Amino acid sequence: MSLLELEAVNTFYGDSHILFDVSMRVEQNEVVALLGRNGAGKTTTLRTIMGVLAPGSGTIRLDGKPIGGLPPYVIARMGMQLVPEERGVFGGLTVEENLRIAALTAPAPWGLDRIYAMFPRLAERRRSRGGSLSGGEQQMLTIARALIRDARIILLDEPFEGLAPLIVRDLVRISRELAAQGRTIIVVEQNVVAALSFADRVYILNNGHVVYEGTPDSLHANPEVMKSHLGV
Amino acid sequence: MRSVVPELVLAAALLATPFVFIHLGASYDLMGRVLDWGILGIGFDLLFGWTGLLSFGQAAFFGTGGFVSAYLLVYHVIGSVWLALAVGTIAAGVFGLIVGWLAVRRIGIYFAMITLAFGQMSFFLENSPLSAYTGGENGIPGVPVPRIGFGSTAYAITTGLPMYWMLAAMFLACFILARRITQSPFGVILRAIKENTARAAMLGHAVPRYKLATFVIAALFAGLAGGLLGVLQSFMPPDAFALDTSGQLVVQTVIGGVGTLIGPTVGAAVWLWLRDNLQLIPEIGALWKLVLGIVFVVLVIVLRRGICGEIREIWRRRAHASAPPPAPVIAAEVLPLAAPLVRARQDAPALETHGLAKHYGGLRAVDGVSFAIRSNSIHAVIGPNGAGKSTLFKMLLDEVRPTEGDVLLHGSRITGLGATRTAQLGIGKSNQLNHLFLDLTVRENLRIAALARRRGPFRLDVLRPADSIAEVERQIDTVLATMDLGERANVPAHILAYGEKRRLEIGMALATGPHVLLLDEPLAGMSPAERTTTRALIRDIGRDRTLVIVEHDMDAVFELAERITVLYEGSLLAEGSPEEIQRNQAVQDAYLGGLREHEPA
Amino acid sequence: MPSLPLLLSQAFNGLALGSLLALVSSGLTIILGTLGVLNFAHGAMFMLGTYAMLVVVQATGSWFLAAGVSTLFMLLVGVVVERVVVRLFYRRPPEDQILVTFGVGIVLVEAVRAVFGSETQHLSTPSWGEGVTRLGFLIYPTYRLELIGIIAIALVALYLILYRTAIGLVVRAGIEDARMVGILGINVRRTFLLVFAIGVAAAGFAGMLYGPLVSVTPDLGDSFLIQAFVVIVIGGLGSFPGAVVGGLIAGEIISITSAFNSAYSEVMLYAVMAILLVARPQGLFGTEGRV
């Protein structure tokens, strides 16, 4: 039994049909990359898993238990954490307050020291307002918020978007460390190269359908697939 | 053909009322007051029921009209009551113009609070600083009754039944006028503004002007009602300005039915009748207002349509169930759509941008983008996420003001004009998410769009029927045929299937008769089958006009586009024919992994 | 030109009125900021506090007991109103929210009128508040000074709750982005309930202290409702510091202008409100873009 299973999930936004019979699985300790051009439905998939959107039909199972239709706060307490594309840093709260609020309902939260050890930059800025952080620092903060909850599954939505190459390098390193530590991650990215550098398996979405499932190696071996679904 | 049944029914009811209700314990004076509230309510219903603006300050205009009229009469400035009423009404309208000009810039709670503030200001102004004119807490007593005729044979309208007839006549006149307003193109646009303000503006209607006009109209009705109150009571009371008056108006309208014109009157009847009659019952005398308050809360939670609203809904459902199928839409040939209002230079590109940029603080969403789109061509804009496509699109219409650079339509600069104005000049856009007027029928949706360029951004055409402009109706028929929505023409938009809604969305942009049509992800959320049909549709539409499309569906892009522009991180990465783009290595890299620099160490 | 003692006395009155307004408006603004609901029943809540105090003081004679019981009562009222009515309106347009809270306000006022009648009641000053205090050359009623002090403590308590507790953290984050708070595992709806209850209790607490200053009638909350609207506009919708500063400013505007000409004081206040709403809707401390 996989840690997370999606079976024939259809999601609507109003009555706009975004996901068509999407099925996928994520095993414990894997890193799964979800690729596709934008509009393909990658963010919608993550939001459906997190409960921000309720699936119109199909089932989603975490540890074998169905979670479709549950509100996000319940799913968060089951160990899933979404790091959204728009980051959602609370601009009026300090870095430390952002971390503390994330830790509030976690059953076994990390200590602040452990977080600061992993993200020294955040330690330096612990008293700064969230709104004054740079893009890269905000991204670190949102990942740190997921970690402080000791989330079992982390859903990363376009973590590298809009960031300078050096920061992306930093974040990829952190993501690889987390993967190496055995955390389960689903990463949605348009930056295919970065995502494939630490993923175990890959799904590709196109126009709301799953069109490919494989590994980074098999994808590299199939450049036409890459080009037709991801390229131009 | 416009039905005059409601007007006739009302006239009959007004004729019958004194004879019927006098036996139910209502005095002529009470009936007169109900009608006075009704006139105040008609204006308020146009403002709230039709345009969606909740004002808590109508008392300001009610009081202004009343006190101006009363002052002019009691201090013998004007002899004729009719003239004084007219002056009072106009004074209220002028005050409404001032307050409205300030208030309609804001929406929702802010609008409510601004009107509240002015209502209170007026109340306190009446109470003290202006008390020399208004009599302060005492009001103005001794308002004379109106006279019909001249000189010694003039007939004085005394209190009691004659006064009732006068008010009934005025009420009927106000109702007829208001109904014409609601059935005019002006009225249709008010409904559009209430349903979806942003879309109405983007179609080319100058929304602030419509809101201001309605605010003034409501103030005029209020002013007339205020003047009539003074005449009715022979006394102008200071509590005409009170918050309680504005509040009572709101409660009465909700109970009677918002958006029915007659609702406020029914609500007033309920309020006043309950007040006068419950008070006679000793144990629960003082509870009448509590009962009303509870009814009000329950209505807001549950029913929301009020008494008249519910009756109308039942009537409508019955009518709809037995309605004959709609007549087939005949559009013999596809008529060319509206003539350009911008004089096109012969060889100028339909749309071009020069160094267009948008910066948000340090973030450069779009940077230095220049390209040109040939007339009558289909042009696609693509790019990975964060490329700046939607920002660029919004700048093409001037929905978003560029930080730098210009957009030219047929060689004329349109930057800085705003989306309403550019829509009037001939650019239309269909949105990625459906922005429809869901409670209106398909035909009504299209009419709002088609009226935009035919009538210009604003017109006070309050007296003609909305469907009386032949060219507009032909336009609607053409679009219905093109978008294959003919059979659904009289169906409310919220009932349509998703694919149909999408077609309506595109149809609305088409109905404005644009020369340049921007389509933002037209295929979003569609099933494979729907995509095929829509692609054919887009090709059809593209024959007579210039299309600019943003899409992620690459198959569609390469099938439809004659030329493709690729954006990457806000800048122009490549431009050319579909074949050129497919062969372009930089474009492939951009899509697949952000070029070399993003490769991890 | 009014005399110096008069001006000084009015300045203190402004402080007293201002602190009442600050407390009432704080409640209104956190409800608006967190729930997005403009509570038109807030004046009625203020009035309920006064009557609750009246009932318990007349029954037991103890002000401290009355304060405790009344505060609990107001919290309960807040919970009930939120659960029964307000909670149904979070997804409805602002006009509907205004209408329903307006209606609740009417129902509460009329309910009190049904029970107590319209005649004025009287709540006498507590024994520890009687008499006057000498402040330099100014002689000022003791109770009003104590009122200022008590409210200051209440505002500090509110501040501590908002800025030093977990629940306050959730409220402040929720004002910004309620959805993200949910994603982080917090049941935001439960927070809404608490915020509404606290906001209502704040208004009620102010009402409890207000009793001895006026003749108590069911309508006494009306003016406070509208003035609280002015205050939150001045201070910035959703801003707690704004409500406090705005309240004090508004109190002083009213009191001091009334020393010159009481007729104009209210007009001034509403003029300021209207101008701000048009020119600078975010007020002193509010954030732009919430318009």
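Of the numbered conditions (1) surrounded by fewer than 17 Cβ atoms within 10 Å (Cβ to Cβ); (2) touching a Ser or Thr at 6+ places or on another chain (Cβ under 6 Å); (3) within 11 Å of another protein chain (Cβ to nearest Cβ), A:Phe198 satisfies every one except a single condition; which is it?
Going through the list (1) surrounded by fewer than 17 Cβ atoms within 10 Å (Cβ to Cβ); (2) touching a Ser or Thr at 6+ places or on another chain (Cβ under 6 Å); (3) within 11 Å of another protein chain (Cβ to nearest Cβ), A:Phe198 breaks only (1).
Condition first: without any contact (Cβ under 8 Å) to a residue 12 or more places away in the chain and assigned to a helix (DSSP H, G or I). Now tell me which residues in segment A:102-131 satisfy that.
The answer is A:Asp113, A:Arg114, A:Tyr116, A:Ala117, A:Pro120, A:Ala123, A:Glu124.
Can you pull out the residues in segment A:12-43 that are among the β-branched types (Val, Ile, Thr) and either closer than 13 Å to A:Asn206 by Cβ or in contact with a Gly (Cβ under 6 Å, 6 or more places away or on another chain) (or both)?
Correct list: A:Ile18, A:Val22.
Quick one: which of C:Leu88, C:Leu99 is closer than 19 Å to C:Val200 by Cα, more than 22 Å from the chain's Cα centre (by Cα) and either within 14 Å of another protein chain (Cβ to nearest Cβ) or not in a helix (DSSP H, G or I) (or both)?
C:Leu88
Got a sec? Which helices (runs of 4 or more DSSP H) wholly within segment B:367-485 have at least 3 residues that are in the same structural domain as B:Leu572 (by TED's automatic domain parsing) and small (Gly, Ala, Ser)?
B:442-455
Of all residues in segment B:94-123, how many are on the phi < 0 side of the Ramachandran plot and at the interface with chain C (Cβ under 7 Å from one of its Cβ atoms)?
So the count comes out to 13.
Kindly establish whether A:Asn207 is in the same structural domain as A:Met50 (by TED's automatic domain parsing), at pLDDT below 85 and surrounded by 24 or more Cβ atoms within 10 Å (Cβ to Cβ).
When the stated conditions are applied, A:Asn207 does not pass them.
For the condition small (Gly, Ala, Ser), crowded, with 24+ Cβ neighbours inside 10 Å and in contact with a Ser or Thr (Cβ under 8 Å, 6 or more places away or on another chain), what is the one hit in C:Ser239, C:Ser255, C:Ser215?
It is C:Ser239.
Only residues that are surrounded by fewer than 20 Cβ atoms within 10 Å (Cβ to Cβ) and in contact (Cβ under 8 Å) with a residue 40 or more places away in the chain: list them for segment B:91-118, please.
Answer for segment B:91-118, where residues must be surrounded by fewer than 20 Cβ atoms within 10 Å (Cβ to Cβ) and in contact (Cβ under 8 Å) with a residue 40 or more places away in the chain: B:Leu97, B:Trp101, B:Arg105, B:Ile107.
Determine which member of the set A:Leu166, A:Leu178 is outside any loop (DSSP other than H, G, I, E, B), within 11 Å of chain B (Cβ to nearest Cβ) and not basic (Lys, Arg).
Matching residue, one of A:Leu166, A:Leu178: A:Leu166.
Being touching an Asp or Glu at 6+ places or on another chain (Cβ under 8 Å), among the aliphatic types (A, V, I, L, M), surrounded by 24 or more Cβ atoms within 10 Å (Cβ to Cβ) and closer than 24 Å to B:Val295 by Cα is the filter here, so list the residues in segment B:213-260 that pass it.
B:Val258
Among the candidates C:Gly43, C:Gly27, C:Gly14, which residue alone is in contact with a Phe, Trp or Tyr (Cβ under 7 Å, 6 or more places away or on another chain), touching a residue at least 24 places away in the same chain (Cβ under 8 Å) and on the phi < 0 side of the Ramachandran plot?
C:Gly43
So which helices (runs of 4 or more DSSP H) are wholly in segment B:180-297 and hold at least 2 residues that are over 18 Å from B:Leu46 (Cβ atoms) and away from chain C (no Cβ under 14 Å)?
It comes to B:197-203, B:207-233, B:263-278.
Across segment A:71-97, what is the total count of residues that are more than 8 Å from chain C (Cβ to nearest Cβ), of a type outside the set (A, V, I, L, M, F, W, C) and free of Cβ contacts under 8 Å to residues at least 60 places away in the same chain?
4
In a strand (DSSP E or B), of a type in the set (Lys, Arg) and under 17 Å from the mean Cα position of the chain (by Cα): is that true of A:Arg25 in this structure?
Judged against the criteria, A:Arg25 is a match.
Out of (1) over 28 Å from C:Gly185 (Cβ atoms); (2) under 14 Å from the mean Cα position of the chain (by Cα), the odd one out for A:Ala164 is which?
(2)
Which condition number does C:Phe224 fail, the rest of (1) part of a loop (DSSP other than H, G, I, E, B); (2) buried (at least 24 other Cβ atoms within 10 Å of the Cβ) being met?
Tallying (1) part of a loop (DSSP other than H, G, I, E, B); (2) buried (at least 24 other Cβ atoms within 10 Å of the Cβ), C:Phe224 fails exactly one: (1).
Give me the residue from segment C:102-143 that is among the charged types (D, E, K, R) and assigned to a loop (DSSP other than H, G, I, E, B) and, out of that set, farthest from the other protein chains (Cβ to nearest Cβ).
So the residue we want is C:Glu130.
The values are calculated or read from the model by the stated rules, or taken from the named source; none is laboratory data. Everything numeric here is computed off the predicted structure, so don't read it as measured data. Virtual Cβ from ideal backbone geometry, glycine too; neighbours counted across all protein chains shown.
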